[in-house]
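To keep things clear, I will list the structure first and then write my remarks on it.
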Amino acid sequence: MKRIKNIPAFLLLTVVVALGIQSCEDKINPTLENAAPILAVDAWLNNKAETQVISLTSTQPYFQNVLPPGVSGAVVTVRDNSGKVYSFIEDDKKPGNYLWKPSASEVFGKVGDQFTLTIQTNGETFQSVSFMGRVPVIDSISFDTEKRIGATDSITQAEFWATDPLGPGDAYWIRTFKNGVALLKPSELNVAFDAGFSPGGRTDGVIFITPIRRGINSNDTNDDGTIPSPIKPGDSINVQINSITKAAFEYLNQVSIQTNRPGGFQELFSTPLANVSTNINNVNPNGSKAVGFFNVSAVSIAGKRFKKKK
């Protein structure tokens, strides 16, 4: 039998990669074990003068392509550190949604307060603790129009201006609404620690760094693969800076990693899929588990409409 000698290393690598790419095109239908449903909590509250909502649902199999069922009949309360209790009443039109409606002059909590969420359902009690941190004032929103590199058309981007308060340890979720619609793509999740990306970045007490200030723009793509200008004449931008706990900052970063997947060949080099953390705990250590998160935010808001200069 003849032996193959002196095959260049780069040629072997090319063959291996080609076979790997070809194998990635094969469709597979994995059989996943069905786990028992557990409680899923969506409790992101704030101090805006509006109805606050806590959503309770049950988890479901991965490939079940329907909305998760709401959990009805629960007793849901939030208590602050002064002893005030906010009772959340189930919405009779949307089972699983529990509402607290403020009076004309009332808002939910105040900066510096600590809050304890308690959920009683199906004979079990779940609790979580959050803290309302401070939030900077948004000084302004600006629009910058410039020519695209190597093209004849222009691109307009929005940018907010705010300064992180002096003193390290503040965390924020910057939410954007374009023409009244929230930007909800995983790639549009915009969080900050102090005025930068992460703790220890030496960004305390300064203006938010440019990628975060410009992280309020939408990430759209046309059908032909081209990228349109994020902002067009007449578009309105509403920016809301929400204070979040450090645990919430880490949670949202984990959500971004697990949902903003590149797909295709790049997925081979991505962070493996994993469950994200939660701060919802059963008071009985031997009881069932829960997923989701509880956070209470102070909110700073600013908005502006883009008008093209004549």
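The numbers here are math on the coordinates, done by the rules we state, and not lab data. Every value quoted in this text rests on a predicted model; they were computed, and no experiment measured them. As a convention, Cβ positions derive from the backbone with ideal geometry for all residues, glycine included, and neighbour counts pool all protein chains shown.
Cβ-to-Cβ counts within 10 Å put Asp153, Asp170 in ascending order as Asp153, Asp170, the fewest first.
Listed from fewest to most Cβ neighbours within 10 Å, the set Ser55, Ser72 follows the order Ser72, Ser55. In the structure displayed, which of Lys185/Lys308; Lys147/Lys232; Lys110/Lys289; Lys110/Lys246 lie more than 22 Å apart, Cα to Cα? Long pairs (Cα-Cα over 22 Å): Lys185/Lys308; Lys110/Lys289. If R₀ is 25 angstrom, what is the calculated FRET efficiency for the pair Asn222 and Val53, using the beta carbon separation as r and rounding to 0.05? My answer for the efficiency is 0.10.
With neighbour counts taken as other beta-carbon atoms within 10 Å, the residues Asp223, Asp235, Asp139 rank, fewest first, as Asp223, Asp139, Asp235.
Charge tally for Gly169 (other residues, Cβ to Cβ under 12 Å; Lys, Arg +1; Asp, Glu -1): -2.
With Rh defined as the Kirkwood radius, the inverse of the mean 1/r over Cα pairs, the Rg/Rh of the range 66-145 is 1.11. Restricting the calculation to Cα atoms, every distinct pair contributes to the Kirkwood radius of the range 105-194, found to be 17.4 Å.
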